[in-house]
Every structure is written in structure tokens, then in C-alpha cells.
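Reviewing the structure listed below.
The values are calculated or read from the model by the stated rules, or taken from the named source; none is laboratory data. Nothing here was measured: the structure is a model prediction, and the numbers come from that model. A quick note on method: Cβ atoms are made from the backbone with ideal geometry, for glycine too, and the neighbour counts reach across all protein chains shown. All accessible areas refer to the heavy atoms of the entire protein, side chains included, with ligands and DNA or RNA removed. Shrake-Rupley method; radii C 1.70, N 1.55, O 1.52, S 1.80 Å.
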Amino acid sequence: MAMAEQTTPKPVQAPKGGAAAGGAMARFFDGDVWHSFKNSPITVVAAVVTVTIFLAALFAPIVSPHDPYDLMLLDVMDSFMPPVWEADGDPRFLIGTDDQGRDMLSTIIYGSRASLFIGFASVLLSIVLGVGLGLVSGFRGGMVDAFIMRVAEIQLSFPTILIALLINGVLRGVFPVEQQADVAYAVLILSIGVSGWVQYARTVRGSTMVERSKEYVQAAHVIGIHPTLIALRHILPNVMGPVLVIATIHLAVAVISEATLSFLGVGVPPTEPSLGTLIRIGNDFLFSGEWWIAIFPGAALAILVLAVNLLGDWLRDALNPKLR
Amino acid sequence: MSEVMRTEASLSDTTMLEVSNLKRYFDVSRPFLNRVLEGAPRQILKAVNGIDFKIKKGETFSLVGESGCGKSTVARLIVGLYAPTEGKIEFEGRNIGGLSRREMAPLRRRLQMIFQDPYASLNPRWRVRDIIAEPLRAFDLESDEVGIERRVGELLSFVKLTPADGEKFPHEFSGGQRQRISIARALASQPDFLVCDEPTSALDVSVQAQILNLMKDLQREFELTYLFISHNLAVVYHISDRVGVMYLGQLAEVAPATTLFRDPRHPYTRMLLDTIPDLDMTGRQRMPVAGEVPNPITPPSGCSFHPRCPFATDRCKSEAPLPRDLGSEVFVACHGVEENRIPRGPVIDAPPALR
């Protein structure tokens with residue numbers, strides 16, 4: 001007791017100095033968002049898993065034991081190796097090899113790199129399209145709004161993957177066969193990105209209509225600021241909050257879409273496989289006993305999507321003042 | 001509130017703003033398809049339905065009335081947020097009603113507005129210095145960033161804040177402080193005419209007085225002309241030189257503030273004044289507030305006040321009264337006053353709550 005009393009003055013002063021030096025960082029760690037993060041073990045696990053996969057994907061050349069893209073290093077003799085714990089396992093290949101002798105672990109790391117890159121890029125494209133159109137729609141109103149929203153509703157009445165397939169098909173038709181491998185990434189990003197803008201547009205339109213009638217916007221009108229600048233400088237920063245939440249959940253959806261398209265064979269080329277491509281390759285051998293080729297990429301995809309989704313759900317709740 | 005102050009204000013006779021037969025209708029009909037399929041009629045809301053007034057240079061003209069009488073619409077019409085459906089708004093003799101953004105540009109600097117809700121009138125994501133500097137940048141009033149910074153500091157001290165407050169965000173301030181920031185922004189472009197749309201109605205009573213006194217000081221210092229919109233009679237009495245009483249998009253009575261409060265002529269004005277609480281507990285007879293403001297989409301026939309007016313006659317029900325000049329700057333739109341059948345006499349002798 002006596003000791004505790006003696007030491008109390010010191011810890012009281014310590015955080016003060018830290019807060020003064022930390023500034024924004026300290027405010028974040030004192031804030032509600034950090035608090036709700038800390039108190040949700042599932043979210044912490046999801047964040048750790050997500051960050052691990054992101055880092056592994058980002059530093060794939062350093063992390064992965066083999067380079068699956070370098071055809072010179074592949075040996076057909078290594079193909080269809082089972083994981084190490086199986087009877088024929090090879091210690092070089094922790095979870096086995098695929099039909100071309102590529103190390104599964106390395107392919108999955110490189111594959112998640114491809115999946116995440118396409119996911120991020122298409123989410124970014126969706127955000128640019130959706131936020132832009134939503135802002136115009138909500139700010140201008142009238143015929144422009146009616147037109148954009150009808151297009152959005154028509155698109156919404158079709159399954160997203162169907163839209164993506166449609167755009168994919170059209171784009172592939174545009175390019176000659178010999179170029180298709182080069183443009184595969186761009187085609188995927190375009191088709192997934194364009195198929196996902198509607199949700200952003202509807203959310204941003206709604207918030208824009210709320211912000212548009214607020215007095216700070218009218219004040220800018222009275223000063224005579226150009227409407228385009230009002231939309232960009234005043235309204236845009238105030239409608240971006242919900243976009244972050246949608247984007248997180250959309251990232252998981254985009255990764256799934258990419259995997260679906262690649263699984264259907266209209267995705268990235270087999271020489272630079274993504275998770276979806278790997279599952280498709282593995283699918284061919286699933287019934288001939290080489291289960292690891294499909295199961296491990298599938299599990300990686302499931303874990304990645306689940307972790308990102310959990311993060312998105314938490315973010316939505318943490319940023320929603322009504323649920324606090 | 002002394003008589004001396006009012007006469008001291010030495011109002012010039014130059015008209016700064018003249019509004020004539022100003023109308024603003026809003027189409028509140030159901031969408032086109034509903035009208036066709038359900039046979040719903042077109043519905044027009046006559047928010048402002050033909051009003052006339054003049055504001056002289058250096059004076060404070062107030063518009064009072066219950067919620068929904070169209071006073072805020074008048075404010076928005078004058079600063080150009082709405083275009084008038086009909087009528088003229090003349091600023092120093094030039095019609096500014098319905099000008100395009102470009103045509104309005106040279107006048108914007110001189111015509112600014114203070115808004116009602118201090119929590120909505122400042123962009124929550126901007127620092128105060130950027131909020132106040134926005135007009136400076138828009139009108140190119142300072143040559144460089146150093147000049148802008150100096151001017152923002154100056155404006156903040158005009159409204160009794162410190163230049164260091166410029167670094168903060170709006171949420172770090174109280175309602176009254178936010179309203180000061182809003183005033184500083186309105187003053188940034190050195191305007192001549194300020195439209196104040198209920199600038200104190202969202203504030204605590206103690207803070208209201210501070211803001212009103214600040215506005216009076218600023219008016220004297222910068223020779224400002226105010227159009228002051230409010231539903232609070234005490235506030236209006238405190239700040240106005242002349243008052244217009246609005247009812248359902250029209251002016252019922254326009255009179256100098258002292259005259260209006262001492263000798264209200266229109267039955268509606270008298271009803272409004274009778275709602276002011278009486279701290280002396282004189283137990284005098286009051287005209288009870290009866291009824292509600294009718295729906296402006298379907299206003300009553302004749303005088304729009306007749307369903308609530310104890311003096312209404314058949315003429316009031318059929319014929320709309322026009323504003324009549326009763327001399328000494330008093331204008332009243334009322335058949336009863338014209339026919340001299342409304343009892344006169346001070347309803348209240350300088351309302352105690354306002355003293």
C-alpha cells in the first residue's frame with residue numbers, strides 16, 4: 001500500500017509528456033476507435049492476419065522460399081509433390097508443389113500479391129467512379145441526378161459478377177489474342193472496378209444531398225465560390241467517412257470477384273497465377289488425389305477475405321455514432 | 001435601450017436596398033409520374049408573396065414573424081441564394097434579383113450573410129483561419145499569404161477572439177464563439193450590407209446579448225447596414241431601427257421599432273407583442289394567441305390573417321388588404337385599421353421584458 005502511494009505521482013506526469021510529444025498519435029490512442037479496437041479480440045486477430053498477408057504479399061520476393069515466376073528454376077520432376085507431412089513429401093516444399101513443379105507456398109504468396117493488387121486497384125477505380133458520380137448526382141440534382149441514379153439502379157439489378165464478366169468479355173474482344181496476357185490485369189481491374197461503383201455513388205449522393213443544404217455550403221455560395229470548387233473543397237471531405245467503410249468491405253468482395261473471374265478462366269494468365277487461378281488449376285487435380293493444389297490457395301483466399309471482412313464490419317460499427 | 005441611442009445613429013436618407021413586389025414560389029408538387037397517374041394537382045408554395053420595403057444606409061431593418069412566414073426566404077433571395085419568381089431587389093438602384101453568379105460577382109463582396117445555425121455554418125473539416133480567409137482568397141483582397149494571415153488575425157480580434165484561435169477547428173469552440181467566427185467571415189470582405197438570418201436564435205440567452213452587442217459595435221465601427229431576421233421580439237427590439245412584421249409571405253406592418261412596440265396597429269402585431277412575458281405581473285388583458293399559421297400552399301382567402309383575427313369582418317374574408325401609409329413611416333395592411341374599428345392605445349408601455 002505504502003509503496004503504491006509513493007509511486008503514484010510519477011505515472012501521472014509521464015503520460016502528459018507523452019501526449020504533448022505524440023500529438024495526433026496520442027489523440028488516436030485515447031480515442032473511441034482505438035478503444036473499441038482494443039476491446040474486440042476478433043478484430044485484433046483479423047487485423048494481425050490481414051497485416052501479415054499484406055506484408056507477405058508486398059515483400060513476396062523476399063519472403064517466399066522460391067520464385068514461381070522464374071520458369072528456369074522449375075523442374076517438372078518436382079511436380080505434384082505432396083506436403084512434407086505426407087509420405088512422399090519433400091522438405092524443400094512445405095505444402096507441396098503444383099502440376100508444373102512450383103512451390104505451393106511461394107505461389108500462394110505471389111498469388112495473394114496478384115489478388116490484392118487487383119483488389120486494391122479495382123476498389124480505387126470504383127471509389128473514383130462512384131464518389132465522382134455520386135457527388136455530381138447529389139450536388140447537381142435534377143435530370144443529371146435522375147440519369148445517373150437510373151443507370152446505377154439498372155446496374156444494381158444485375159449480379160455484380162455478371163457485369164464484370166460482360167465488361168471483361170467486351171474488353172477482351174477489343175484486344176487481339178496475342179496482347180491479352182499483357183492487358184489481363186488492366187482488363188480485370190476495369191471490369192471489377194466498373195462493376196462496383198454503384199454502392200459508393202448511392203452513399204455519396206445521399207450524404208452530398210445532406211451536406212449541400214447545410215449553411216456552410218450556402219455561405220460559400222454567398223461568397224461566390226464556383227460550384228465545382230464548393231463540391232470539391234467543401235462537400236467532398238465531408239462525405240468521405242462512409243466511403244472508407246464501404247471500401248474495406250468492398251476490398252474483400254473485389255478479391256472474391258477476381259478469384260471468381262480467374263477461376264472461370266478469364267482472369268490473370270496461368271504463368272502469373274492469382275489465388276483464383278491457383279484454385280482453378282487445383283480443381284483439375286482435386287479428384288486425382290492432389291488435393292493440396294486447390295485446398296491451400298482456397299484456404300488462403302478464405303482467410304484473407306474473412307479477415308478483411310471482419311475488419312470492415314468492425315470499422316463500420318466503430319465509426320457509426322448510433323451504435324456507440 | 002435609450003431613445004438617445006436611436007436618434008444618435010443619425011440615419012442618412014440614402015436607400016441602400018429596395019425590395020418591390022418580391023415574390024418567391026416553390027413548386028412542391030409530387031413527381032411528374034405521380035401527378036399523371038394519381039391525378040395529384042400541382043402545388044405551389046407561396047413562400048414570399050409580394051412584399052415591399054426599403055432599407056436605408058446604416059440602419060437595421062428587422063423582419064419578424066412566426067416560423068414558416070417566409071422571412072428566411074427573403075434573406076436568401078437578397079443574397080442571391082434563390083432567384084425571385086417576380087419582383088425587384090434593388091441594391092443601390094441596381095436590380096440584383098436573379099443575376100447569374102458571374103453578374104453577381106462584383107456585388108458579392110459588399111453583400112454578405114450571417115447564418116442561423118453556428119454548428120452548420122462552418123465547415124467542420126476546415127481550420128478557422130481557412131474559413132475566414134475564404135472570402136479574402138475568393139475576392140483576391142490580399143496580395144500574399146502573409147497579408148491573409150495578418151488580416152485573419154485582425155478579423156478574429158474584431159470579434160473578440162485571438163489570432164491563435166485561427167489554428168483550431170470549429171468543434172473546439174462554443175456556439176457563441178462559432179457565431180463570432182461566422183461574423184468574422186462575413187466581415188472579411190469589408191461588406192456594406194449584412195443579412196443576418198436569426199443569428200442568435202441557436203444561442204443561450206446570455207450569449208445572445210453578447211453577440212447582439214458585438215453586432216451593434218461592428219455596425220457603428222464599419223458603417224454597416226443590417227437586414228435582421230428573427231422571431232424573437234426582445235432581440236428585434238434591442239437591435240432594430242425599423243421593423244417589418246411578416247405573416248404568411250406578406251408584410252402585415254412596417255414601422256419604426258419604438259413605434260411598433262409602443263403602438264402596434266395590426267392585430268397580428270398586437271398578438272405577437274402580447275406573447276412577451278410580463279415580469280411586473282400587471283395582470284393586464286391580453287389577446288390570446290389563437291390558431292396556427294395556415295398552410296401556405298392553400299392560404300386563406302382575403303386577408304390571410306382573418307381566420308385568427310378577432311376583428312375579422314366579411315370584407316376581410318374576401319378582399320386582401322394592401323399596405324397603407326399611415327404617416328410617420330408606419331405602413332399597415334389591414335382593413336380594420338383602415339376603417340378605424342381596431343381599438344388603439346398602447347397594448348404595453350415599453351414591454352418590461354424588453355426594458
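Structure notes:
- Farthest toward positive dipole pole in the protein assembly as shown [+1 Lys/Arg, -1 Asp/Glu at C-beta], among A:Leu275, A:Tyr110, B:Pro199: B:Pro199
- Where chymotrypsin sites (Phe, Trp or Tyr not before Pro) fall in DSSP loop in the stretch A:76-165, at most 16 other Cβ within 10 Å: A:Trp85
- Highest-first packing order for the peptide set A:221-232, B:76-87, A:30-41 is B:76-87, A:221-232, A:30-41, based on the mean count of other beta carbon atoms within 10 Å.
- For A:Val45 and A:Leu166, a Förster radius of 41 Å and the Cβ-Cβ distance give a FRET efficiency of 0.60, rounded to the nearest 0.05.
- For the stretch A:49-323, the fraction of 1.4 Å probe accessible surface lying on carbon and sulfur atoms is 70 percent.
- Cut-off 14 Å between beta-carbons: net charge of the residues surrounding B:Asn213, Lys and Arg +1, Asp and Glu -1: +2
- Label point distance in nm, A:Val183-B:Arg102, each placed 7 Å from Cα along Cα→Cβ: 4.1
- Among B:257-263, A:269-275, the order from most to least packed when residues are scored by Cβ within 10 Å on average: A:269-275, B:257-263
- In this label model, B:Asn21 and A:His35 are separated by 6.3 nm, measuring between points 7 Å along each Cα→Cβ vector.
- For chain B, fraction of C-alpha pairs farther apart than 28 Å, in %: 48
- Extension gain, B:Asn95-B:Ser29: 0.36 nm per intervening residue step, less the Cα-Cα distance, totals 20.8 nm.
- Residue-normalised accessible area of the protein assembly as shown, given per residue in Å² at a 1.4 Å probe: 49
- Shown for the stretch A:49-323 is the translational diffusion coefficient from the Stokes-Einstein equation, using the Kirkwood radius over Cα pairs, a temperature of 37 °C and a viscosity of 0.692 mPa s: 159 µm²/s.
- Cα-centred dipole magnitude for the protein assembly as shown, charges only on beta-carbon of K, R (+1) and D, E (-1), debye, nearest 20: 2400
- Partner chain coverage, peptide B:129-141 - average Cβ within 10 angstrom: 2
- When the accessible areas of B alone and A alone are added and the area of the pair subtracted, with a 1.4 Å probe, the result is around 1800 Å², both sides summed.
- Per-residue ³J(HN,Hα) for the stretch A:243-254, Karplus 6.51 cos²θ - 1.76 cosθ + 1.60, θ = phi - 60°, Hz, x for Gly and Pro: 4, 4, 5, 4, 4, 4, 5, 5, 4, 4, 5, 5
- All-pairs Cα distance distribution in the protein assembly as shown, expressed in whole percent, bin size 20 Å: 14, 34, 27, 17, 6, 1
- For chain B, lysine pairs with C-alpha atoms less than 23 angstrom apart, excluding pairs fewer than eight positions apart on the same chain, total 23.
- Separation between Cα centres of the stretch B:146-223 and the stretch A:214-272, rounded to whole Å: 36
- Note on the stretch A:49-323: with charges restricted to the Cβ of Lys and Arg (+1) and Asp and Glu (-1), its dipole about the Cα centre is near 1760 debye.
- In order through the stretch A:62-73: 3J(HN,Hα) via Karplus (6.51 cos²θ - 1.76 cosθ + 1.60), integer Hz, x for Gly, Pro: 7, 6, 6, x, 10, 9, x, 7, 7, 5, 5, 8
- If the segment from A:Phe175 to A:Ser288 were pulled out straight at 0.36 nm per residue, it would be longer than the present Cα-Cα gap by 37.0 nm.
- Estimated FRET transfer efficiency when R0 is 45 angstrom, pair A:Val128-B:Ser143 (beta carbons, to 0.05): 0.80
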